[in-house]
Amino acid sequence: MDYLTISTIMMALVGGIAGVLANSRKKTADSRPAKNRKPEPFRRDKAEWQYDAALRVYCDCMGKLPEELEESDIAVIWDNACNHCSVFLTWAIMRGYCGEVHLADEPDAVEKVRRREMTGTEFFITYCDYRLWREDFAESILPFVDDYYFARYLDAYSKTSREKLKKYPLTFGFSWEEYDVFEAVLDKDYRQWKFWKRMKFWKP
């Protein structure tokens, strides 16, 4: 692979990462939640918002043009584009914070995810139609989702991908081994959020 090709790939990767983080709010210099932060309530996230960036990265890496892609290629691109959503939703399911709509309409599928018989992406695509909404989460976890998802999660997802998995966002899909890495980060951040909430340093 020549230098020009590598440069093109890296530029596309950077653009894709920027797209993932486009809705992030500015982080404070301090690691603690900002005292006066007032994030907007979480409304939705969509895999389609990242599809074009994932497509560019995939085509550059595989040396293909978009018109040359087969259905199997398209499926991989969608998996890559929705992985950050799938990981977060899977964490909610595994920790008992799945929305009532899913518990009522597809309880068997929820249990399959908990038993790791269905991946988070399979659930996300099949039952969420590539979109995350407030109703996908239990009411009890929504304050955390509101404060954390766009303000910090997307940055955490990107950093974990690069530093712990040695991969770039939008270049890989869901696996349980990699989910476990993200789960540890989410668990830690959730514990910290609850602590600072109790200490009243976080006032959304």
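A simple packing score, the average count of other Cβ atoms within 10 Å per residue, orders the peptides 146-152, 113-119 as 146-152, 113-119, with the highest score first. Distance between the modelled labels on ALA75 and ASP108, one decimal in nanometres: 2.2 nm (7 Å Cα→Cβ projection). For the residue pairs LYS167/LYS197; LYS64/LYS167; LYS46/LYS188, alpha carbon separations beyond 29 Å are given by LYS167/LYS197. Computed over segment 73-127, the alpha-carbon pair-distance distribution with 5 angstrom bins reads 4, 21, 33, 24, 11, 6, 1, each value a whole percent. Take the Cα of LEU165, step 7 Å toward its Cβ, do the same at ARG44, and the gap between the two points is 2.5 nm. Per-residue Karplus couplings for segment 120-126, computed as 6.51 cos²θ - 1.76 cosθ + 1.60 with θ equal to phi - 60°, are listed in order as x, 5, 4, 5, 4, 6, 6 Hz, Gly and Pro entered as x. Model label points for ALA156 and ARG95, set 7 angstrom from Cα along the Cα-to-Cβ axis, are 0.7 nm apart.
Scoring 77-85, 181-189 by mean Cβ neighbours within 10 Å over their residues and listing the highest first yields 77-85, 181-189. Each of SER72, SER175 was scored by other Cβ atoms within 10 Å of its Cβ. Listed from fewest to most, they are SER72, SER175.
In sequence order, segment 111-118 has phi-based couplings of 5, 5, 5, 4, 8, 6, 9, 9 Hz under the Karplus curve 6.51 cos²θ - 1.76 cosθ + 1.60, θ = phi - 60°, and Gly or Pro positions carry x. Cβ crowding within 10 Å, taken as a proxy for footprinting-reagent exposure, orders THR121, THR171 from fewest neighbours to most as THR171, THR121.
If R0 is 41 Å, what FRET efficiency do you get for PHE195 and MET62 from their C-beta distance, rounded to 0.05? Intermediate results must be reported in sequence, preceding the final value.
Working: r = 44 Å, r/R0 = 1.08.
Calculated transfer efficiency: 0.40.
Shape summary: segment 79-204 maps onto an equivalent ellipsoid whose semi-axes, from the alpha-carbon gyration tensor, are 22, 20, 12 Å in decreasing order.
The simple Förster model, with R0 at 22 Å and r as the Cβ-Cβ distance, assigns ARG116 and LEU142 a FRET efficiency of 0.30.
No value in this document is a laboratory result; all are computed from the given coordinates. Everything numeric in this text was worked out from a predicted model, so none of it was measured. Please note: Cβ atoms are built from the backbone with ideal geometry, for glycine as well, and neighbour counts cover all protein chains shown.
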